[in-house]
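Written below as structure tokens is the structure these notes are about.
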Amino acid sequence: MLNLVLFGPPGAGKGTQSQKLIKKYQLVHLSTGDILRGEIAQGTTLGVEAKKLMDDGKLVPDEVVIGMISNKLDSNSDAQGFIFDGFPRTVAQAEALDKLLASKDEKISGMIALQVDEEELEKRLLLRGQESGRSDDANPEIIRKRIVEYQSKTAPVANYYQEQGKLQNIHGIGTIEEIFDNICKVVDTY
Ligand code: AP5
Ligand code: MG
């Protein structure tokens, strides 16, 4: 199986590149942000609780997202591989993912980390916020909070994979195609 972690700060292009990668490599896309927005749209209890945190730029609890991923792995047992987008976002989530995959005799093939500076991230998210309806793109204050949350809780996840020799950094500014080509060059070595 090909199991990729697509990593990077809010607005780095994880969702955009995932869409292209799932087509090329026939993978299942697992975005915890998309799953949570689905729960919000359906008005579930989980969605209502998650929305409060998401609209404040904060992470939802580890056990919630780990449970979601565990369910998705079980319900896609015939998949050729997965792209994890926006997960794992804490070291505890990364450890849990390794355990879940090990229980199925699988492992992460590699982490691809998109490098984009803060000015560009804010520009992209504010632009998207004008049309996406994503409430966490609504104003610069929430966007900055998401970036701060990323720096304090999520950035250490890159070290976790680096220690396993699985981290590849990719320059995340340029055209979507250029970045995709550079990601594929890495994926083709796995
Ligand atoms: P999530 O949905 O994961 O959002 P995010 O990480 O903040 O990132 P985005 O989805 O905004 O950005 P992206 O990297 O996917 O970029 P995209 O391709 O869209 O999480 C949302 C919230 O849910 C979190 O804040 C948290 O509360 C909660 N959550 C989710 N997962 C969690 C977890 N595991 N644990 C705890 N809480 C969790 O691109 C962004 C924009 O830029 C788009 O408009 C795109 O068109 C544009 N763009 C893309 N590439 C380029 C390019 N090369 N040049 C110019 N523009 C570009
Ligand atoms: Mg996304």
TODO: Distance check, please: which entries in Lys24/Lys99; Lys24/Lys51; Lys52/Lys185 exceed 31 angstrom between their Cα atoms?
DONE: Lys24/Lys51; Lys52/Lys185
TODO: Please grab the % of Cα pairs in the chain that end up more than 22 Å from each other.
DONE: 45 percent
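Note the per residue figure in Å³ for the convex hull of the C-alpha positions in segment 1-40.
76 Å³
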Task: Candidates Gln19, Gln130, Gln115, ranked by Gaussian network fluctuation over the chain, Cα under 10 Å, top entry - done: Gln130
TODO: Provide the FRET efficiency to the nearest 0.05 for the Asn159-Val64 pair, computing r from the beta carbons and using R0 = 22 Å.
DONE: 0.40
TODO: Just subtract the alpha-carbon distance of Glu122 and Ser152 from 0.36 nm times their residue separation and send over the number in nm, one decimal.
DONE: 9.0 nm
Task: Cα pair distances of segment 71-184 binned at 5 Å [whole percent] - done: 2, 9, 16, 19, 18, 18, 12, 5, 1
Task: Fluctuation leader among Thr44, Thr90, Thr154 - the chain, Gaussian network, Cα springs under 10 angstrom - done: Thr44
Task: For segment 139-190: rounded, prolate or oblate by the Cα gyration tensor [a/c cutoff 1.5] - done: oblate
TODO: Report, by chain and number, residues whose modeled amide H sits under 5 Å from the one on His29, excluding near sequence neighbours (fewer than 5 apart, same chain).
DONE: Ile83
Task: Where only alpha carbons of segment 25-109 are counted, the Rg and the Dmax (Å) - done: 13.1, 38
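Computed FRET efficiency, Cβ-Cβ of Asp34 and Ser77, R0 25 Å: what is it to the nearest 0.05?
Working: r = 20 Å, r/R0 = 0.81.
Plugging the Cβ-Cβ distance into 1/(1 + (r/R0)^6) gives 0.75.
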- [ ] Excluding Gln115 itself, calculate the net charge of residues whose Cβ lies under 15 Å from the Cβ of Gln115, where each Lys or Arg counts +1 and each Asp or Glu counts -1.
- [x] -3
Task: Sequence-separation-based contact order of the chain, relative, with Cα cut under 8 Å and 6+ spacing, percent - done: 33 percent
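Size of the dipole of segment 24-134 about the Cα centre, Lys and Arg at +1 and Asp and Glu at -1 on the beta carbon, nothing else charged, in debye to 20?
220 debye
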TODO: Mind giving me the FRET efficiency for Met1 and Gln130? R0 is 35 Å, r the Cβ-Cβ distance, nearest 0.05 is fine.
DONE: 0.35
Task: Modelled label reach - Cys184, point 7 Å along Cα→Cβ, segment 1-36 residues with backbone N closer than 20 Å - done: 2-7, 13-29
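Any read-out appearing in this document is the output of simple, stated calculations on the displayed coordinates, not a laboratory observation. Remember, it's a predicted structure, so these values are computed and weren't measured experimentally. Every residue, glycine among them, receives a Cβ derived from its backbone with ideal geometry; neighbour counts consider all protein chains shown.
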